[in-house]
Amino acid sequence: MDTANPQLLFFQHIKASLPSHISMVDEVAELLHISNDSAYRRIRAEKEISLTELKTLSEHYKISIDQVLQLQNEMVVFRAPEINEERFEFSDYLKAMLEYMKYFNTFPNKKMHYFCKDITFFHFYLFPEIAAFKTFFWSKTIKDHPDYRSKLFSLEEYPMLDCFQLGQEIIKEYNKIPSLELWNAESIISTISQIQYYKDGGYFKHKEDVNIIIESFQKCLDHIQLEVEKGIKFMPGDNEIVYRAPLQFYVNEVIIGSNTILMELNEMKLSFVTYNVLSYLITKDERFTQKAFENFFTLVSRSHQISGTGEKERNKFFNKMREKMDSLKV
């Protein structure tokens, strides 16, 4: 096979993005409205694909032609899923995140590498009170949703139960994915600072909600610490029968993270890079992902692991955060 042939490379990119149980021939035939035999001939480069067919396949599989042609310029193509959204609904953000998690779990060989600036997004949905606060904070203060501009936060008025249920589903999918996570004290301090900001700014409608949210966040940290101690991921109350994906947890004392997620899915690698706090830019570009992975593991080599072993450092890390939360209580 002539792997220098751009058409062959194009279909190799498609194949790499598909879970093993999906037939590329069937999918291509259906998308292009052609027979399976005609699809085979295109996949083997025995028949050239037209520009219209190239456009259809590129849009469906979100493939950059620059990448396929291996153009050695400085251009890197990213997807920005929210770029055309005029109104931000946090439930839609969570639904998209859930679909990604389900997609990741269609691959038999998968691993997540998470460089955390904040606590891993999913963990905020372990308990309803901290989930409600973070959802309200993101919607009002980060995304400036018009429905919340003049509102004060209240657990009674804004339980955000629809988002909590979606978040619970996301965690269950996340818990199936082996991961290596790189944290810093800032990963936890950022949420403490957000609670402090709302407390000092008078954005809590009821003062008693402050302590309830802090206690909920403490339960979240307790659960994360238990996961780190055991080196596995699980939901509160899970029994031993439930599959528990391994968790490698590292702490870097000097580098603040960027909430970058790097995924290995069989032979494919994906980079999710944050912008505007919550939004993600996504690329399969091999040059970019290679450098991103290299940088990630350079930072890991300069960090210390506290999952499974390292009890003293693990307790030191989490106890320091608890002390900061205790100072917020009303």
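Would you mind stating whether Glu267 is exposed (fewer than 14 other Cβ atoms within 10 Å of the Cβ), assigned by TED's automatic domain parsing to the domain that holds Lys143, within 20 Å of the chain's Cα centre (by Cα) and among the charged types (D, E, K, R)? Yes; evaluated as a whole, the condition is true for this residue. A single entry from Ile189, Ile261, Ile256 fulfils the requirement of being in the same structural domain as Lys284 (by TED's automatic domain parsing), surrounded by 15 or more Cβ atoms within 10 Å (Cβ to Cβ), aliphatic (A, V, I, L, M) and modelled with pLDDT under 90: Ile189. Here Lys230 fulfils each of the conditions (1) touching a helix residue (DSSP H, G or I) at 6+ places or on another chain (Cβ under 9 Å); (2) surrounded by fewer than 19 Cβ atoms within 10 Å (Cβ to Cβ) apart from (1). Taken over segment 265-301, the criterion of being charged (D, E, K, R) and over 30 Å from Phe88 (Cβ atoms) is satisfied by Glu267, Glu286, Arg287, Lys291, Glu294.
In segment 235-246, the residues that are more than 21 Å from Phe164 (Cα to Cα) reach residues that are small (Gly, Ala, Ser) and part of a loop (DSSP other than H, G, I, E, B) with C-beta atoms within less than 8 angstrom, at least six apart or across chains, in these pairs: Pro246/Gly231.
Only one of the numbered conditions (1) outside any loop (DSSP other than H, G, I, E, B); (2) among the aliphatic types (A, V, I, L, M); (3) surrounded by 20 or more Cβ atoms within 10 Å (Cβ to Cβ) is not met by Ala96, and that is (3). Among what's in segment 1-55 and is part of a loop (DSSP other than H, G, I, E, B) and of a type in the set (A, V, I, L, M), pick the residue that is nearest to Lys102 (Cα to Cα). Checking each candidate, the answer is Leu18. Pairs linking a residue in segment 283-295 that is basic (Lys, Arg) to a residue that is at pLDDT 90 or above and assigned to a helix (DSSP H, G or I), with Cβ atoms under 6 Å and 6 or more positions apart or on different chains, do not occur. Total residues in segment 136-175 satisfying the condition of being crowded, with 17+ Cβ neighbours inside 10 Å, assigned to a loop (DSSP other than H, G, I, E, B) and of a type outside the set (A, V, I, L, M, F, W, C): the figure is 4. Taken over segment 245-281, the criterion of being of a type in the set (Asp, Glu) and part of a strand (DSSP E or B) is satisfied by Glu264 alone. The residues listed here are Gln248, Gln225, Gln218; of these, the one that is closer than 13 Å to Phe317 by Cα, assigned by TED's automatic domain parsing to the domain that holds Lys111 and either touching a Cys at 6+ places or on another chain (Cβ under 6 Å) or of a type in the set (S, T, N, Q) (or both) is Gln225.
The values are calculated or read from the model by the stated rules, or taken from the named source; none is laboratory data. Note that the coordinates shown come from a computational prediction; the quantities given were computed from them, not determined experimentally. Positions of Cβ are generated from backbone atoms using ideal geometry, with glycine treated the same way; all protein chains shown enter the neighbour counts.
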